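**Student:** Structure incoming, see below.
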Amino acid sequence: MHEWVEQLLALQDTDLRIAKLAAQIAAEPGDRAKVKSMLEGAQKGLAEAKAQLQDREVALKSLETNADSIRQKMKDFQSKSTFIKSNDEYRAAMTQIAACQKQIEDVEDNELGVMEEIERARTLLAVKKNEFKAAESRVAEMIVDLDTRLKNCGAQIEKLRAVRTEAIKHVDPSVARRYERLIKKPTRGGPSHRVLVPILEGVCGRCHMNVIAQIQMNARKGIAAACENCGAMLYWED
């Protein structure tokens, strides 16, 4: 392999590592948002469980109030019945009292059903509280991991940039300028940091299109050839 190729490959390897670290830094806000959404989901589940329990407790209180009202109504009928002289009026009062008793029984049945729902809601709330605590702990750990990753990536990039500064000194200036233009040139997926590629079985190592014989010959001789299709710098790999 020609010396300039080895030098440029070393530079490109450093650039690829820098680009990978930079991509991790760029992805950090999105990753952090995803982590926070985990906690938001647990918070939502906990809030819904609390609301469900409160709703059932309110329903039970309403039934209890209704039952007390019916009992008071029945008590009034019972008190008045002692002063009734007419048989018809007495039978009517007894009918009212019986109706109140039936209503109270129905309300009490409903109360039992709601109390069962309250127990289930309390159980669910306990589960959601545990889930929230677990999510809170996990998210805290993940945030620390993200902070550490961000810090480490930044530190590694600084070191690699120093390595790059030294590496590019050993590359022929004209080749280096050409390389720099190519890595900054926009492509379909954004700037590409892999611009020096081998000719593999007669095709470009980047776009996989056929390379004409003359360019292959130039690459064999160590001349900085270029792919006619994608513009990548080509070298011959022994």
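**Student:** In segment 99-132, whose amide N lies under 16 Å from the spot 7 Å out along Cα-to-Cβ of residue 61? List them in ranges.
**Tutor:** Backbone N within reach: 115, 118.
**Student:** What Cys residues in the chain are without a partner cysteine, judged by a Cβ distance under 4.7 Å?
**Tutor:** 100, 153
**Student:** Shifting gears a bit: Could you give the angle, 0 to 90 degrees to the nearest 10, between helix 173-184's Cα long axis and the longest principal axis of the Cα atoms of the chain?
**Tutor:** Orientation of helix 173-184: about 20 degrees from the principal axis.
**Student:** Provide the solvent-accessible area of residue 20, counting protein heavy atoms only and rolling a 1.4 Å probe, rounded to the nearest 10 Å².
**Tutor:** Counting only protein heavy atoms, the figure is 140 Å².
**Student:** What ranking of 132, 83 comes out by heavy-atom accessible area, probe 1.4 Å, highest first?
**Tutor:** Result, largest first: 83, 132.
**Student:** Which percent of the accessible area of the chain is formed by carbon and sulfur heavy atoms (probe 1.4 angstrom)?
**Tutor:** Its accessible area is 53 percent carbon and sulfur atoms.
**Student:** Tell me, in nm to one decimal, what length is gained between residue 156 and residue 238 on full extension, where the rule is 0.36 nm per residue of separation less the Cα-Cα distance?
**Tutor:** 26.3 nm
**Student:** Which value, in Å², gives the accessible area per residue of segment 153-238 when a 1.4 Å probe is used on the protein heavy atoms?
**Tutor:** Dividing the accessible area of segment 153-238 by its residue count gives 63 Å².
**Student:** Just want the answer: with Cβ charges of +1 for Lys and Arg and -1 for Asp and Glu, which residue in 205, 152, 227 is farthest toward the dipole's positive end in segment 115-230?
**Tutor:** 227
**Student:** Taking 0.36 nm per residue of sequence separation and subtracting the Cα-Cα distance, how much length would be gained by fully extending the chain between residue 108 and residue 50, in nm to one decimal?
**Tutor:** Computed gain between residue 108 and residue 50 is 18.4 nm.
**Student:** If you count only protein heavy atoms with a 1.4 Å probe, what accessible area per residue comes out for segment 1-41, rounded to a whole Å²?
**Tutor:** 56 Å²
**Student:** Would you indicate which of [x] 1.56; [y] 0.96; [z] 0.94 is the value of Rg/Rh (Cα atoms, Kirkwood Rh) derived from the coordinates of this structure?
**Tutor:** This structure yields the entry labelled [x].
The values are calculated or read from the model by the stated rules, or taken from the named source; none is laboratory data. For clarity, every value in this text was computed on a predicted model and none was experimentally measured. Ideal geometry is used to build each Cβ from the backbone, glycine not excepted, and the neighbour counts take in all protein chains shown. Keep in mind that these areas ignore ligands, DNA and RNA; they rest on the heavy atoms of the full protein, side chains included. Shrake-Rupley method; radii C 1.70, N 1.55, O 1.52, S 1.80 Å.
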